[in-house]
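Structure record follows, encoded as structure tokens.
What follows draws every value from the coordinates through simple rules; no lab data is involved. From a predicted model like this one, the values you see are computed outputs, not experimental measurements.
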């Protein structure tokens, strides 16, 4: 879902970078796009059910993604800048 959203945020094309690296407290996966960014008003509510910026979106994708991560004791942090893109930082605990 995060990769699909990243691609869809770049209507004129662009690059999506996906990295994974081991850290002392888990595995950090980073998904970075060169898209339009997430508006500040949406960032404040990101992950809420039925919140969407897409014409035909349901607003459930990020909510489900956030819930899956939470159920696996993972965390997610989002950084976004208008017209510069968005970065999702996902931390999975290492056992």
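For the options 23, 34, 55, a Gaussian network treatment of the chain with springs between C-alpha atoms closer than 10 Å singles out 55 as fluctuating the most. For the stretch 67-87 and the stretch 27-56, write down the distance between their C-alpha centroids in whole Å. Value for the Cα centre distance between the two parts: 8 Å.
Only DSSP H runs of four or more residues enter the estimate; each adds -39500 (n - 2.57), and after division by the residues of the chain the mean residue ellipticity at 222 nm equals -6000 deg cm²/dmol. The share of C-alpha pairs in the stretch 41-95 whose separation exceeds 13 Å stands at 65 percent. Remark on the chain: Rg and Dmax equal 13.4, 41 Å (Cα only).
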